[in-house]
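The values are calculated or read from the model by the stated rules, or taken from the named source; none is laboratory data. Please read these numbers as outputs of a predicted model, since none were measured by experiment. Positions of Cβ are backbone-derived with ideal geometry, glycine not excepted, and every protein chain shown enters the neighbour counts.
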Amino acid sequence: MKYLKVIAFTHKQIELKELGRLVICQEDLTDKLREVKSRFGINEIFYLATCNRVEFIMSTQHQVDKEFAKQFIDALQIGLCSHSMSAFLNAASIYEDQDAMNHLLRTSCSLESLIVGEKEILAQLRKAYESGREAGLTGDCLRLIMNCVVKTAKEVYTHTNISKKPISVVSLAYRKLKDLKLCSNARILIIGAGETNRNISKYLQKHKFSNFSVFNRTLSKAQQLAADLNGEAFTLDDLKTYNKGFDAIITCTSAVEPIITTEIYASLLNGDTGRKTIVDLAIPNDTAPEVLEQFEVNFIEVHSLNEVAKKNLQERYQELTHAEAIISQNIDEFLVMLKQRSIELAMRQVPEKIKEIRHKAVNTVFANEVQSMDKESREILEKVMNYMEKKYISVPMIMAKDILINNKH
């Protein structure tokens, strides 16, 4: 675990609006990660970006400090000026070894989230890891770590009340939207067909909203969500020509530039002068600042949910101790498992070495004696050696594991 390193930028040190500047466009992500993986000699890596954090999880022997982080971020070519780079690096949290493991477990259990108790972070973390695995960016080290991450989070959510009456960014956004008292036949434009928008769509549908139009970069994904909502599906480019009007926009995409520009918004209004609503859960925001300056808009964003999030943390405070105890226990178990795993890897050659010794004994050292034996005797000798070979292979492994466990206690 000593090679586990995490570079984290989170809502605790960085304004959410600023955090969006670190988000990497999905189309470029794999290529950029492959490039830094090769350039810095990183064994394994994956990238996590949510509405309140951007993190790089990696396995590397290199020292990861603020200087490394600067070179690393520079190499990703995100486009930060020197002043912004300095500000982000000052706010970065760098974890390694057991501290990195503890951070990942706390993150997966939502203890580090803006909304403590929300379960979305576990799904987001798993999805981020799976994307890295499918791209060939991760290996055995991060696989074992993620197994522990998932196991721990499930135990925390099962054996504590930390997610009782779950509150999430999505549910908080819906509450804000509900306060605006939109009628159930309000025309709602859904921009982006990812997990966040799917979740908030479920809230809307549950509360009898029924007039949806879904826009997404990939039309097939828009069609899937539109089918669930009995709505219409469009590509993002169709926003430029959409003329059916709207009452509210729900947007959350991975775009690094605003989707809703003043030109797009004016076109969507199609001459309507009424006050509309935008729920923007994207980091960075999908809505250009100029839209809010030039038009009358009820604007709901992640940043505005902070106060409710603080109250939510207070309500769940008594559960934190229980959750942290589960995390601590899982780290202890993981450390033992890691040692056992290292022994297994080190002893992979034992079976081959034993076979080499057997071959040499039969064909060189005792070749004459074996050849002088009758067929029945040679068969008995073969059975005896087969039996001893199997036992010799297992004995060192069992003894090493026993030593590990006894030393631990």
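Looking across the stretch 11-43, just one residue is in contact with a Lys or Arg (Cβ under 8 Å, 6 or more places away or on another chain) and crowded, with 21+ Cβ neighbours inside 10 Å, and that is Leu19.
Could you check the stretch 142-166 and list, in sequence order, the residues that are surrounded by 18 or more Cβ atoms within 10 Å (Cβ to Cβ) and in contact (Cβ under 8 Å) with a residue 40 or more places away in the chain? Outline the logic, then answer.
Step one: list which residues in the stretch 142-166 are surrounded by 18 or more Cβ atoms within 10 Å (Cβ to Cβ), which gives 142, 145-146, 148-149, 152-153, 156-157, 160, 162-163.
Correct list: Leu142, Ile145, Cys148, Val149, Thr152, Ala153, Val156, Tyr157, Thr160, Ile162, Ser163.
Restricting attention to the stretch 294-343, the residues that are assigned to a helix (DSSP H, G or I) and at pLDDT 70 or above add up to 30.
In the stretch 72-99, the residues that are at positive phi form no Cβ pair under 7 Å with any partner that is in a helix (DSSP H, G or I) and of a type in the set (Ser, Thr, Tyr), whether six or more places apart or across chains.
In the stretch 255-274, of all residues being buried (at least 18 other Cβ atoms within 10 Å of the Cβ) and not hydrophobic (A, V, I, L, M, F, W, C), the one that is farthest from Leu16 (Cα to Cα) corresponds to Tyr265.
Take the residues in the stretch 117-141 that are more than 15 Å from Leu48 (Cα to Cα) and modelled with pLDDT under 90, then tell me which one is surrounded by the fewest Cβ atoms within 10 Å (Cβ to Cβ). The residue in question is Lys119.
Checked across the stretch 231-248, the condition of being hydrophobic (A, V, I, L, M, F, W, C), over 28 Å from Val116 (Cα atoms), crowded, with 23+ Cβ neighbours inside 10 Å and at pLDDT 95 or above holds for no residue. Considering (1) touching a Leu at 6+ places or on another chain (Cβ under 6 Å); (2) modelled with pLDDT under 95, the lone condition that Asn90 does not fulfil carries the number (1).
Filtering the stretch 172-200 down to residues that are buried (at least 16 other Cβ atoms within 10 Å of the Cβ) and without any contact (Cβ under 8 Å) to a residue 40 or more places away in the chain, which residue is nearest to Tyr242 (Cα to Cα)? Per the criteria, the residue is Ala193. In the stretch 54-70 there is at least one residue that is acidic (Asp, Glu), free of Cβ contacts under 8 Å to residues at least 40 places away in the same chain and out of contact with any helix residue (DSSP H, G or I) (no Cβ under 7 Å at 6 or more places or on another chain).
The rows are residues; the columns are (1) outside the structural domain of Lys151 (by TED's automatic domain parsing); (2) of a type in the set (S, T, N, Q); (3) in contact with a strand residue (DSSP E or B) (Cβ under 8 Å, 6 or more places away or on another chain); (4) farther than 24 Å from Cys141 by Cβ.
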{"residue": "Glu333", "(1), (2), (3), (4)": "yes, no, no, no"}
{"residue": "Met337", "(1), (2), (3), (4)": "yes, no, no, no"}
{"residue": "Gln340", "(1), (2), (3), (4)": "yes, yes, no, no"}
{"residue": "Gln349", "(1), (2), (3), (4)": "yes, yes, no, no"}
{"residue": "Lys353", "(1), (2), (3), (4)": "yes, no, no, yes"}
{"residue": "Asn363", "(1), (2), (3), (4)": "yes, yes, no, yes"}
{"residue": "Phe366", "(1), (2), (3), (4)": "yes, no, no, yes"}
{"residue": "Ser372", "(1), (2), (3), (4)": "yes, yes, no, yes"}
{"residue": "Glu376", "(1), (2), (3), (4)": "yes, no, no, yes"}
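Note on the stretch 105-128: among residues that are under 20 Å from Glu15 (Cα atoms) and of a type outside the set (D, E, K, R), the one that is nearest to the chain's Cα centre (by Cα) is Ile121.
Just one of (1) buried (at least 21 other Cβ atoms within 10 Å of the Cβ); (2) within 32 Å of the chain's Cα centre (by Cα) fails for Tyr203. It is (1).
One line per residue, one yes/no per condition, for (1) in contact with a Gly (Cβ under 7 Å, 6 or more places away or on another chain); (2) closer than 22 Å to Asn147 by Cα; (3) among the hydroxyl-bearing types (Ser, Thr, Tyr); (4) part of a loop (DSSP other than H, G, I, E, B):
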{"site": "Glu27", "(1), (2), (3), (4)": "no, no, no, no"}
{"site": "Phe56", "(1), (2), (3), (4)": "no, yes, no, no"}
{"site": "Glu67", "(1), (2), (3), (4)": "no, no, no, no"}
{"site": "Ala75", "(1), (2), (3), (4)": "no, no, no, no"}
{"site": "Ile78", "(1), (2), (3), (4)": "no, no, no, yes"}
